[in-house]
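Asker: Here you go, one structure.
What follows is calculated from the coordinates using simple rules that are stated; it is not laboratory data. Since the model is a prediction, treat every value here as computed from it, not as a measurement. A quick note on method: Cβ atoms are made from the backbone with ideal geometry, for glycine too, and the neighbour counts reach across all protein chains shown.
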Amino acid sequence: MKKLMLGNEAVARGAFEAGVGVVSSYPGTPSTEITENIVKYNDVYVEWAPNEKVACEVAIGASIAGARAMTCMKHVGLNVMADPVFTVSYTGVNGGLVLCVADDPGMHSSQNEQDSRHYAKASKILMLEPSDSAECRDFTKEAFTLSEQFDTPVFIRLSTRVSHSQSLVEECERADKPLKDYDKDPGKYVMMPGNAIKRHVVVEERMRALEAMAEKTPLNTVEENGSNIGVISAGIAYVYAKEALGDKVDYLKLGVVYPLPAEKIKAFAAKHDKVIVIEELDPVIEEYVKSLGVEVIGKDGFTLLGEYTPAMIAKAVLGEDAPEFEVIDEPTPVRPPVMCAGCPHRGTFYVLKKLGLIVSGDIGCYTLGATPPLQSVDTTICMGASVSAAHGMAKARGDEFNKKLVSVIGDSTFIHSGITGLIDIVYNKGNNTVIILDNSITGMTGHQDNPTTGFTIRKEPTKQVDLVALARAIGIEHVVVADPFDVKEFERIVKQEVEREEPSVIVAQRPCALLPPMRKKYSGHCRITDKCKKCKMCMKLGCPAISIENGEVRIDRTQCNGCGLCTNVCPFHAIEKED
């Protein structure tokens, strides 16, 4: 039966059909839906891990124990799991091991647009790249086969457009893959120097075998249309090229993007007067092709930045201008990124902005605290960096920063990689204040559970991490739980904690407004009364439901959910809540 599937859903289907036994991941757009879709299959053990490194190690352990295993992450998550990835390249596998990484050209939901193909080359791990949902399913199944055939982990590289576009996928039965035997083999799996040096030899021998495979595999295909122009491409860039160029050129479509097939590329190039490499982000294919002595057009005709479009490719290759579209002669309403109405983080950033503090920020919904009018976040680097970077800032500038600086970090992000930073502050005698934004869920990636929520990915009750007890166990003696919507009390607490001569933690505790219990709690809406003095203090909240129209403050009933934060901010009590 054929079914319309997201690329991510098709990867999940392919893993299921391949007989995957264990999947461990950490959510991150654009990869999240792979793991969320695998939950549908009861035959598979699935979990959200605290971070990508742990997820990868779980999958490696499952593979060594004989199960087919998979872990999924976005491109920056691959940075987090790089340590075990490079070593599992040496150990090889027992059960097939697949690492799904989703890149984000255009940075739709990311802090950079790195190209994960570099990791395949650096770690000497086979990498496949599908171009649509059908290939997502097929390539995933093939990845498990190749993993066991060549004793290697296998990368599947996706991109935002492949992950989140839909096409038809044929559903097949699940393969019966019993656990492989487990044999005690320290020479293969214990990577101390004496063993690792021998395994490196195995890796290089494996690379030669994979290079030979790349020349013959049907995953790399030539499409001949009788043209003297040849295009070499892979993944979503191939789809764009096909749409833009049709049968006006010949194609070498690469499904294996590492290692690349040298002889196949040279033979393809020899048949064409002009060869063009079309690839998003870095010139990975282009540089390899040039290293073979083949003259190609690559990034000199395209850009290193962001996503491509069919129109861009048609212009670069054929000199054709994009067709003109009819545009409505009306100004387009501006919709900047903004926290949701009722967002618990809004109260926190309102207070931090009011106090004029330096705010070391992190990755999550709360990164929007950097945007107007809240505009209080000074830095955002990577998961967990808010805590560690603030410690460095304070150590660099001493008393000048000590009582002006706070870190903000979400509950899931704190578990992911904030704990070690907090340990560093305590151990090295810092006196930073860390605000954990506890909204009871992993918000930015779509409401995934995490170790602080008390539920597994299958919504099974489990132990819940106590953030207060955890902070105290680390050595934080001053831990305060506060409601950021009680702005006067929250402001008092923040002032109190930043003045301390020792580290402290504030747990800003209020659930995400989009959680079902909060949807019930936030009933009704707020309204402006005739007490309004037009002071515009409520506008400083940046709530999307509050605006000014013809000089009058208005609350949009269709957006307001009655959270009541504005009633706590108005100095004239001119806003009241209605059921």
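Asker: Would you order Arg208, Arg492 from fewest to most other beta-carbon atoms within 10 Å of each residue's own beta-carbon?
Answerer: Final ranking by Cβ density, sparse to dense: Arg208, Arg492.
Asker: Compute the Rg to Rh ratio over the stretch 427-550 from the alpha carbon atoms, using the Kirkwood formula for Rh, and round to two decimal places.
Answerer: On the way: Rg = 18.3 Å, Rh = 17.5 Å.
Radius of gyration over Kirkwood radius for the stretch 427-550 works out to 1.05.
Asker: From the backbone phi of the stretch 480-486, what are the Karplus-calculated ³J(HN,Hα) couplings (6.51 cos²θ - 1.76 cosθ + 1.60, θ = phi - 60°) in whole Hz, Gly and Pro given as x?
Answerer: 10, 9, 9, 9, x, 7, 7
Asker: So, one more: Charges only on Cβ, +1 for Lys and Arg, -1 for Asp and Glu: so what's the dipole of the chain about the Cα centre, in debye to the nearest 20?
Answerer: Dipole about the Cα centre, nearest 20: 1580 debye.
Asker: Sticking with this structure for a sec: Once you treat every alpha carbon in the stretch 102-178 as an equal point and sum by Debye, what is log10 I(q)/I(0) at q = 0.13, 0.28 Å⁻¹?
Answerer: Debye output, listed in q order: -0.48, -1.28.
Asker: Can you list, largest first and rounded to whole Å, the semi-axes you get for the stretch 522-578 by taking the square root of 5 times each eigenvalue of its Cα gyration tensor?
Answerer: Working from the Cα gyration tensor, I get semi-axes of 16, 12, 10 Å.
Asker: On a 0 to 90 degree scale, rounded to 10, what angle separates helix 235-245 from the longest Cα axis of the chain?
Answerer: 70 degrees
Asker: Taking the chain as the reference, fit the longest principal axis to its C-alpha atoms, fit the long axis of helix 82-91 to the helix C-alpha atoms, and give the angle between the two in degrees, 0 to 90, nearest 10.
Answerer: That helix lies at roughly 30 degrees to the long axis.
Asker: Here is a follow-up. Roughly what angle does helix 345-355 make with the longest principal axis of the chain, taking Cα atoms, 0 to 90 degrees, to the nearest 10?
Answerer: 60 degrees
Asker: Going through the cross-link list Lys354/Lys536; Lys353/Lys577; Lys74/Lys315; Lys463/Lys520; Lys354/Lys403; Lys248/Lys315, which pairs have a Cα-Cα distance over 19 Å in this structure?
Answerer: Correct reply: Lys353/Lys577; Lys74/Lys315; Lys463/Lys520.
Asker: Got a sec? Charge dipole of the stretch 2-216, +1 on Cβ for Lys and Arg, -1 for Asp and Glu; which of Ser63, Ala196, Ser131 is way out at the positive end?
Answerer: Ala196
Asker: Quote the charge dipole size of the stretch 2-216 about the Cα centre in Debye, to the nearest 20; the model charges only the Cβ of Lys and Arg (+1) and of Asp and Glu (-1).
Answerer: Working: 24 positive and 31 negative charges, 69 e Å.
The dipole magnitude comes to about 340 debye.
Asker: About its Cα centre, what dipole magnitude does the stretch 345-517 give when the only charges are +1 on Lys and Arg Cβ and -1 on Asp and Glu Cβ, stated in debye to the nearest 20?
Answerer: With only Lys, Arg, Asp and Glu charged at Cβ, the dipole is about 220 debye.
Asker: Now a separate question. In the structure shown, do any of Lys121/Lys184; Lys40/Lys459; Lys395/Lys429 have a Cα-Cα gap over 19 Å, and if so which?
Answerer: Cα-Cα > 19 Å for Lys121/Lys184; rest within.
Asker: Shifting gears a bit: Hey, if you put +1 on the Cβ of every Lys and Arg and -1 on every Asp and Glu Cβ in the chain, which of Gly7, Pro336, Thr160 ends up farthest toward the positive end of that dipole?
Answerer: Of the options given, the answer is Pro336.
Asker: Still on this structure: Convert 20 °C to kelvin, take the viscosity as 1.002 mPa s, use the Kirkwood radius over C-alpha pairs of the stretch 370-428 as Rh, and evaluate the Stokes-Einstein diffusion coefficient in µm²/s, rounded to a whole number.
Answerer: 177 µm²/s
Asker: Would you mind getting the Kirkwood hydrodynamic radius of the stretch 345-517 from its Cα pairs, rounded to one decimal in Å?
Answerer: In the stretch 345-517 this quantity evaluates to 15.9 Å.
Asker: Here is a follow-up. Taking square-rooted eigenvalues a ≥ b ≥ c of the alpha carbon gyration tensor, is the stretch 253-351 rounded, prolate or oblate, where a/c under 1.5 means rounded and, failing that, a/b exceeding b/c means prolate?
Answerer: Here the stretch 253-351 falls in the oblate category.
Asker: While we're looking at this one, here's another question. Please report the projected area of the stretch 276-316's Cα convex hull averaged over all directions, in nm². Can you show the working numbers first?
Answerer: Numbers: hull surface 10.5 nm².
Mean projected area of the Cα convex hull: 2.6 nm².
Asker: In whole Å, what is the distance between the alpha-carbon centres of the stretch 67-92 and the stretch 257-295?
Answerer: 27 Å
Asker: While we're looking at this one, here's another question. Which of Lys404, Lys141, Lys533, Lys353 comes first, and how do the rest follow, when ranked by fewest Cβ neighbours within 10 Å?
Answerer: By the 10 Å Cβ count, ascending, the order reads Lys533, Lys404, Lys353, Lys141.
Asker: Below 8 Å between Cα atoms, with a sequence gap of 6+, how large is the relative contact order for the chain in percent?
Answerer: The normalised contact order for the chain reaches 11 percent.
Asker: Hey, what do the phi angles of the stretch 403-418 turn into as Karplus ³J(HN,Hα) couplings, whole Hz, using 6.51/-1.76/1.60 and θ = phi - 60°, x for Gly and Pro?
Answerer: Whole-Hz 3J(HN,Hα) from phi for the stretch 403-418: 10, 10, 10, 9, 9, 10, 8, x, 4, 5, 5, 4, 5, 4, 7, x.
Asker: So what does the Cα-only Debye profile of the stretch 2-216 read at q = 0.09, 0.13, 0.16 Å⁻¹, as log10 I(q)/I(0), no solvent term?
Answerer: Normalising to I(0) and taking log10 leaves -0.31, -0.66, -1.01.
Asker: For the chain, take the alpha-carbon Rg, divide it by the Kirkwood Rh, and send me Rg/Rh.
Answerer: 1.02
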